[in-house]
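Taking it in order: structure first as structure tokens, then the write-up.
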Amino acid sequence: MGIKIVKREGGSLKDRLYIPAIFGGMKTTLRHFITNISDTSKVKTFSYPEVQPSDITSRYRGIHRLTKREDGSIRCVACFMCATACPAECIFIEAKEREDGVDEKMPEIFTIDVLECVFCGGCVEACPCDAIRMDTGIFSFVALKREDFVLTKERLLSHEAKKETL
Amino acid sequence: MNAILVSVVVVNCVLALLFSLGAAPILVWIERRVAGLIQDRLGPNRCHIKGFRLGGLIQSFADMLKLVFKEDFQAKSIKQSFFFSLAPVIVFASAFLTFMVMPFADHLVIGEQTFRMQGLPIDLGILWFLAFAGLSVYGIMIGGWASNNKYSLLGSMRSAAQVISYEAAMGLSLVSILITYGSIDLVSIVNFQGNTVFGILPSWGIVLQPLAGLIFIVTAFAEANRTPFDIAEGESEIVGGFHTEYSAMRFGLFFVGEYVAMSASSALIVTLFLGGYHLPYFNTQILHQHMNLFLMAVMVFVPLMSLFFARWIRRNNRFSAQVDIRNRESKVLLKVLAGVNVLIVVGLALFLIMGLGETGVHIATAVIQVATFAVKLLLMNFVFVWVRWTLPRFRYDQLQDLGWKVLMPLAIMNIFITATVVVVFGV
Ligand code: SF4
Ligand code: SF4
């Protein structure tokens, strides 16, 4: 093993003059400027509210949804696993007895306060019945009042999984 | 006092205001759009009045309005209320006053009278610039000190350190060009640059004194507090620096002052090194003689440029939503552009047919020179913005090294060379 001598850059006169490097940098920025101004469609960004992103995958953690069984009824059995796992403690469940014989328990109330939610996905991991998922692909969620951010059971059931476009 | 005198003075004041204060929103707009385009994004392009976005220019006016109507907050810990309010005024006023001596055109001769085309018709020129440009740093220092805030104080300390590093080099680089031009009056300096050297190159300052030009441009960047020398701010290190405690219009004055100072620095660079209001190869006398030819050239050139611009508008000035009031803009703009072209061409044709007369020729020359100056000013301001979005910020000891160990010896050497050449060859 010999000693490898790494050559230090920046010692030559050309480097220490700075000027060539500065002009090189300015050439680069000017090139970007000229290409972009002569044809603004070359700009890499898109105009957001009008053009929506198309690259949201199914693994993206968006707003939650409660899944349904084959017969269309709620899958959740009100086991409180998700509420226990939630680090933000923003899931509120009230259980009731399930009368239709499909299962024993179901939630009477199931709300998620998305203002408190940190979108960690812990609830999805914790659920033993695959009853809660975050695959709706909803990344922008706005409302006018704080109360509107507290999603009810009905609202959560109404969310659908994002359709795979990619 | 007579009508001509009054109107020329008014025109000068309006021009000075337009180039400095009126330029501020435009410069902010240029800054943001150019920054965006350099970084492969678009920059502000949504704000509109009845669908007119003017490429995002409306955003600057919206921002100004916002600054005016914001709460003017002052922290309780600020004891020196008077100095706290005084600081932005100093920065703004000194930036503004520096601009006042920039000549927009050669002496205008109307009948018997001669007018200086400057905001303030005085011939102190460079001295005036140095005096007021040096003053603006007091505003920053007072502001930072009166804010009673560590970050502000650090910012103003840094700007004090900055001043002592560039002022010497700046002054010395000016000495060598003063030797070359033999005058401190900016008008005679510009007229000196109207000639040619060796019959090919325009005798602009940058051709005669490239080294002094380079030093002056570098120090002018420091003087205007612009990147790479905006060490008085430094968001990543000392928050906003000297203006951390400021809000609303008091901050607005700092903000506008920065752009006016930048415009003033560009104006001085243009005046000293880039031929001022002269078109290359066309000094005032030549313009006087060949005015008709020149007007014809303008008649051809303006529609050509407009055609180019119209094509650009049609291709690029679109809004991404199909149904939007902002999509109307391009059609109206194209019509306005066509209208302006017709006006210019018809007007110039009328002038050509009727003949301008001596006064007319003089006024036309002044108009052309003002336009030339405006274009050069805009280009130089663009360079300021362009550099800002290319280079990172210097550390302030690096700036001091640069100022004292590199720029100042170079400037002194340049003085000796210039002086020797002037003495030996007697030019
Ligand atoms: S994503 Fe995380 S924070 Fe949000 S509800 Fe689920 S567990 Fe709670
Ligand atoms: S969503 Fe899943 S974890 Fe939460 S209560 Fe229902 S079944 Fe249990």
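Bear in mind that the values in this text are calculations on the coordinates, not laboratory data. As the structure is a computational prediction, the values presented were derived from the model and not from experiment. So basically every Cβ, Gly included, is an ideal-geometry build from the backbone, and we count neighbours across all protein chains shown.
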Problem - Euclidean distance between Cα centres, the range B:87-155 to the range A:128-159, Å - result: 59
Exercise for the section: Using just the helices of chain B, give the 222 nm mean residue ellipticity in deg cm²/dmol: DSSP H runs with n ≥ 4 each add -39,500 (n - 2.57), and the total is spread over all residues, rounded to 500. Expected result: -22500 deg cm²/dmol
Completion exercise
Per-residue Cβ contact counts at 10 Å, fewest first, order B:Trp312, B:Trp29 as B:Trp312, B:Trp29
Handout entry: Fraction of alpha-carbon pairs over 16 Å apart in the range B:282-355 - percent
Key = 60
Problem - Kirkwood-based shape ratio for the range B:367-427, expressed as Rg/Rh from alpha carbons - result: 1.19
Handout entry: All-pairs Cα distance distribution in the range A:65-158, expressed in whole percent, bin size 5 Å
Key = 3, 13, 25, 27, 18, 9, 4, 1, 0
Practice task
Sort out the exposed loop GluC sites (Glu not before Pro) in chain B (DSSP loop, at most 13 other Cβ within 10 Å) and tell me the longest stretch that has none.
Solution key: B:113-427
Handout entry: Proxy reagent accessibility, fewest Cβ within 10 Å first, across B:Met100, B:Met354
Key = B:Met354, B:Met100
Practice task
Compute the label zone of B:Ala371 within the range B:70-112: residues whose backbone N is under 17 Å from the point 7 Å along Cα-to-Cβ.
Solution key: B:104-106
Practice task
Could you work out the local net charge near B:Phe273, counting Lys and Arg as +1, Asp and Glu as -1, over the other residues with Cβ closer than 15 Å to its Cβ?
Solution key: 0
Practice task
Pick out, in residue order, every one of the chymotrypsin sites (Phe, Trp or Tyr not before Pro) in the range A:68-157 that is DSSP loop and has at most 15 other C-beta atoms within 10 Å; say none if there are none.
Solution key: A:Phe80, A:Phe119, A:Phe139, A:Phe141
Practice task
Could you grab the relative contact order for chain A? Cα pairs under 8 Å, six or more apart, rounded to a whole percent.
Solution key: 25
Completion exercise
Long-range share for the range B:1-88, i.e. C-alpha pairs more than 17 Å apart as a percent of all pairs, stands at 68
Exercise for the section: Calculate the dipole size of the protein assembly as shown relative to its Cα centre from +1 charges on Lys and Arg beta carbons and -1 charges on Asp and Glu beta carbons; express the result in debye to the nearest 20. Expected result: 1140
Completion exercise
For B:Ser183 and B:Val424, extending 7 Å from Cα along the Cα-Cβ vector and measuring point to point gives, in nm, a value of 2.8
Completion exercise
With the label point 7 Å along the Cα-to-beta-carbon line of A:Phe139 and a cut-off under 20 Å to each amide N, the hits in the range A:43-78 are A:43-65
Handout entry: Partner lysines for A:Lys162 [C-alpha distance under 23 Å; skip if fewer than 8 residues away on the same chain]
Key = A:Lys68, A:Lys153
Completion exercise
Quick note on A:Cys76, A:Cys82, A:Cys90, A:Cys120, ordering by fewest other C-beta atoms within 10 Å, gives A:Cys120, A:Cys90, A:Cys82, A:Cys76
Completion exercise
Once Lys and Arg are counted +1 and Asp and Glu -1 for all other residues with Cβ under 11 Å from that of B:Gly234, the total becomes -1
Fill in the blank from the handout: For A:Lys4, counting only lysines whose alpha-carbon sits under 26 Å away and dropping same-chain residues fewer than eight positions off, the answer is A:Lys14
Exercise for the section: Mind jotting down the distance between the C-alpha centroids of the range B:42-86 and the range B:268-284, whole Å? Expected result: 35
Exercise for the section: Between the alpha-carbon centers of the range A:4-32 and the range B:170-204, tell me the distance in whole angstrom. Expected result: 32
Practice task
Provide a whole-number value for the mean count of partner chain Cβ atoms within 10 Å of the Cβ atoms in peptide B:33-42.
Solution key: 6
Problem - Summed residue charge, Cβ within 12 Å of B:Arg116's Cβ, Lys/Arg positive, Asp/Glu negative - result: -3
Completion exercise
Over all pairs of different Cα atoms in chain B, the reciprocal of the mean inverse distance gives a Kirkwood radius in Å of 23.4
